[in-house]
Ligand SMILES: [Zn+2]
Ligand SMILES: [Zn+2]
């Protein structure tokens, strides 16, 4: 498995190109920002990009959808509980004073526990509501793509439409901190971390914050 981190757009969101080394099939985890400059980078990687797995539907994670689809044949996946945010896409752009863009098109709604294959890589969908109702994390081998649910030394905000601090706490404690401590965490913003480190040190829900 090859993981390439692409940090792009006005919100510096991390999108990850994940490539199966055996088959060269690839998935993009989130597509925020302007993709005009990064499409070449994706083509240069010689990977066969087939899918976009969205962690949630805030504009800084989905705004590159249409631009990418103009250039590549892609199938997109999102949890159904964030579909309302896709419908609110134009409002989201207005809220952040961003230029007009066409609304993303979601091909398939996914559920908790669903398995998604990319070449020989097996991704598992972990539904982690809280930052948004349909936020999910994707687990593949020893890597977790955590979107805006869990960050290095932080967690996602819960003051946006459909957000809930109680749900976020429940998701992180019962669905993420129960995973193997060696799993590396690749968040939607900022640097990478691990389940073990955050379980101990996360200032919101880590063990050290509870003493
Ligand atoms: Zn978000
Ligand atoms: Zn974000």
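FYI, it's all coordinate maths here, none of it is from the lab. Keep in mind that what you see is a predicted model, and the values were worked out from it rather than measured. Here the Cβ is made from the backbone with ideal geometry for all residues, glycine too, and neighbour counts use every protein chain on show.
Brief remarks follow.
- Separation in nanometres of the label points that stand 7 Å from Cα toward Cβ, at residue 22 and residue 153: 3.9
- Among 207, 68, 49, the ranking by other beta carbons within 10 Å of each residue's beta carbon, starting with the fewest, stands as 207, 68, 49.
- Placing R0 at 25 angstrom, the Cβ-Cβ distance between residue 141 and residue 197 gives a FRET efficiency of 0.85 after rounding to 0.05.
- For the pair residue 114 and residue 184 in one chain, pulling the backbone fully straight at 0.36 nm per residue adds 23.2 nm over the alpha carbon distance.
- Taking 116, 17, 168 as the candidate residues, the one with maximal mean-square fluctuation in a Gaussian network model of the chain, Cα springs under 10 Å, is 116.
- Residue order for 63, 154, fewest other beta carbons within 10 angstrom first, comes to 154, 63.
- CD proxy at 222 nm, helix term only [per DSSP H run n ≥ 4: -39500 (n - 2.57); per residue of the chain; nearest 500]: -5000 deg cm²/dmol
- In region 2-209 the Cα-Cα distances spread across 5 Å bins starting at 0 as 1, 8, 17, 21, 22, 16, 10, 5, 1, 0 percent of all pairs.
- Label zone at residue 95 (point 7 Å along Cα-to-Cβ), backbone N below 17 Å, region 126-146: 129-136
- Inter-part distance where region 163-211 and region 125-149 are each reduced to a Cα centre, Å: 11
- Fewest-first sequence of 138, 16 by Cβ atoms within 10 Å of each Cβ: 16, 138
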